[in-house]
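Structure, as structure tokens:
The values are calculated or read from the model by the stated rules, or taken from the named source; none is laboratory data. Everything numeric here is computed off the predicted structure, so don't read it as measured data. For neighbour counting, all protein chains shown are included, and Cβ atoms are generated from backbone atoms with ideal geometry for every residue, glycine included.
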């Protein structure tokens with residue numbers, strides 16, 4: 001396309017020399033076309049709908065990723081019609097939040113909606129993380145052109161600051177229509193915090209342009225329809241793994257009535273197992289997927305001459321740490337993450353570079369190295385590896401780890417603990433391993449993703465009532481909170497106990513007032529505990 005543009009530009013410039021008076025008009029036209037081309041390019045850098053290509057040396061689990069587009073979309077007709085009506089009617093600016101557990105198909109659904117909006121002439125896509133902070137990001141989205149715009153923010157619970165920027169920039173912009181869709185596993189404290197935001201953003205979230213959170217239902221509760229989804233997925237996997245001429249014959253659809261199959265991801269995983277000649281019960285699917293992932297990592301290791309079989313376990317540790325960091329943007333960042341693994345501590349830089357390259361081959365996607373996805377598979381890898389190699393847990397939260405990666409690591413552990421109560425000990429171990437450094441990241445993760453991390457933090461504070469930690473947290477706890485009620489009560493108790501030290505008669509009036517305030521705050525927090533849902 002770029003070559004054709006350059007050729008056409010050259011031809012037009014030559015023609016202007018033959019036709020008097022045409023030169024200025026053509027030059028203006030070319031400048032206008034060039035400007036539009038640059039604007040489209042800048043917009044594409046902000047809005048993502050890229051479909052990645054799966055190859056035999058890619059992550060086996062990536063076959064299940066929505067952004068690899070292997071499984072055909074199964075229509076959510078009622079939801080899509082409702083969302084289309086919302087896009088086409090109502091105020092110039094409106095926002096919706098869709099929530100559902102991991103594996104329910106939120107991202108897959110909105111990718112289909114984005115495609116439909118683009119076909120209808122809209123500018124639409126998934127807003128890439130951090131791009132609004134880049135130079136001209138807000139200008140490209142909101143200050144140029146009047147075309148209707150649909151923005152989707154995935155993992156919205158962890159992107160509150162970006163959401164506030166988007167809403168503030170979108171209010172009063174020149175576009176005819178702006179629709180913002182947020183995707184998250186649940187609403188919670190982070191949603192309440194948006195309603196209290198400044199710069200009139202909070203007013204917007206409390207106003208009529210924002211609907212109440214919509215819980216996305218399972219793709220289907222009909223066992224027959226689940227069978228249709230299963231068959232479609234199996235045929236798609238068969239063609240991808242055996243070639244476009246492959247025709248997989250359905251001998252028998254396995255039982256799909258288990259509640260686990262509310263997660264469409266697990267229907268797809270069952271279909272993948274069938275194509276590979278296996279029938280796996282729903283409770284064993286994540287272990288089966290993880291076993292395939294280990295084999296895939298081993299295949300890629302064998303492609304690298306410098307990575308002998310003695311490094312097989314270390315590669316799993318490296319993949320675990322990158323998954324806890326939720327990916328890396330470069331080779332250098334990947335190396336910085338994986339060198340924390342004790343099993344790689346003595347490896348030379350050249351060997352670490354080769355391991356990073358192997359992970360890049362497996363996990364390239366939105367970032368240079370995404371880590372293991374879909375999320376359910378990545379979380380399962382983290383659980384199994386941290387259980388098998390306990391030394392990885394302190395390595396993942398070591399002193400040199402940036403705070404952003406502390407938060408992503410705690411987020412992964414918290415999501416895992418929400419599904420698997422047996423994994424909560426990992427969360428407790430991480431927080432209690434360095435309470436001083438992890439207390440504030442734990443608060444942020446609790447606001448974003450909810451229980452149980454707030455309770456784990458409260459237990460850590462009860463075991464180690466650190467006054468400095470309590471002082472650091474007290475001004476950062478939301479006044480209205482569900483996920484942090486226990487932690488807030490513990491913080492108030494630590495501060496109250498500090499004020500109560502000493503003789504009552506020796507206290508100044510100011511100290512007595514502070515103690516009374518602390519006692520009142522503690523009473524309020526304890527009352528909140530009694531109302532916990």
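Of the residues 153, 110, the single one that is under 20 Å from residue 407 (Cα atoms) and touching a strand residue (DSSP E or B) at 6+ places or on another chain (Cβ under 6 Å) is 153.
Looking at residue 345, is it surrounded by fewer than 18 Cβ atoms within 10 Å (Cβ to Cβ), free of Cβ contacts under 8 Å to residues at least 12 places away in the same chain and outside the structural domain of residue 263 (by TED's automatic domain parsing)? Explain how you work it out, then say what you get.
Details: surrounded by fewer than 18 Cβ atoms within 10 Å (Cβ to Cβ): yes; free of Cβ contacts under 8 Å to residues at least 12 places away in the same chain: yes; outside the structural domain of residue 263 (by TED's automatic domain parsing): yes.
When the stated conditions are applied, residue 345 passes them.
Of these, 156, 124, 170, 161, which one is buried (at least 21 other Cβ atoms within 10 Å of the Cβ) and under 15 Å from the mean Cα position of the chain (by Cα)?
Working: 124 fails: under 15 Å from the mean Cα position of the chain (by Cα); 170 fails: under 15 Å from the mean Cα position of the chain (by Cα); 161 fails: buried (at least 21 other Cβ atoms within 10 Å of the Cβ).
Of 156, 124, 170, 161, the one residue that is buried (at least 21 other Cβ atoms within 10 Å of the Cβ) and under 15 Å from the mean Cα position of the chain (by Cα) is 156.
Listed by first and then second residue, the pairs linking a residue in the range 239-256 that is loosely packed, with under 15 Cβ neighbours inside 10 Å to a residue that is not in a loop (DSSP other than H, G, I, E, B), with Cβ atoms under 6 Å apart and 6 or more places separating them unless they lie on different chains, are 246/238; 246/239; 250/231. The residues in the range 436-447 that are more than 16 Å from residue 486 (Cα to Cα) and surrounded by fewer than 19 Cβ atoms within 10 Å (Cβ to Cβ) can be counted, and the count is 2.
Can you tell me which residue is surrounded by the fewest Cβ atoms within 10 Å (Cβ to Cβ) among those in the range 66-83 that are in contact with a helix residue (DSSP H, G or I) (Cβ under 6 Å, 6 or more places away or on another chain) and more than 20 Å from residue 215 (Cα to Cα)? Going through the qualifying residues, I end up with 72. I'd like the residue in the range 291-319 that is out of contact with any helix residue (DSSP H, G or I) (no Cβ under 8 Å at 6 or more places or on another chain) and either buried (at least 19 other Cβ atoms within 10 Å of the Cβ) or not in a helix (DSSP H, G or I) (or both) and, out of all such residues, is modelled with the highest pLDDT. Ranking the candidates gives 308 first. Figure legend. Inter-residue proximity from the range 164-175: first residues assigned by TED's automatic domain parsing to the domain that holds residue 203, second residues surrounded by fewer than 18 Cβ atoms within 10 Å (Cβ to Cβ), beta-carbon distance below 6 Å, spacing 6+ or different chains. Indicated pairs: 168/199; 174/146; 175/146. Only a single item in (1) part of a helix (DSSP H, G or I); (2) closer than 21 Å to residue 177 by Cα; (3) touching a residue at least 24 places away in the same chain (Cβ under 8 Å) is not met by residue 108, and it is number (2). Taken over the range 320-337, residues that are closer than 24 Å to residue 376 by Cβ, outside any loop (DSSP other than H, G, I, E, B) and touching a strand residue (DSSP E or B) at 6+ places or on another chain (Cβ under 9 Å) amount to 4.
Looking for something without any contact (Cβ under 8 Å) to a residue 40 or more places away in the chain and within 16 Å of residue 102 (Cα to Cα) - is there at least one such residue anywhere in the range 376-395? No: the range 376-395 contains no residue that is without any contact (Cβ under 8 Å) to a residue 40 or more places away in the chain and within 16 Å of residue 102 (Cα to Cα). Checking the structure you have, find out if any residue of the range 56-65 is outside the structural domain of residue 204 (by TED's automatic domain parsing), crowded, with 17+ Cβ neighbours inside 10 Å and out of contact with any helix residue (DSSP H, G or I) (no Cβ under 7 Å at 6 or more places or on another chain). Yes, because at least one residue in the range 56-65 is outside the structural domain of residue 204 (by TED's automatic domain parsing), crowded, with 17+ Cβ neighbours inside 10 Å and out of contact with any helix residue (DSSP H, G or I) (no Cβ under 7 Å at 6 or more places or on another chain).
The residue that is surrounded by the fewest Cβ atoms within 10 Å (Cβ to Cβ), counting only those in the range 396-414 that are over 22 Å from residue 468 (Cβ atoms) and touching a helix residue (DSSP H, G or I) at 6+ places or on another chain (Cβ under 6 Å), is 411. When residue 200 is tested against (1) at pLDDT 95 or above; (2) more than 29 Å from residue 62 (Cβ to Cβ), just one condition goes unmet, and that condition is (1).
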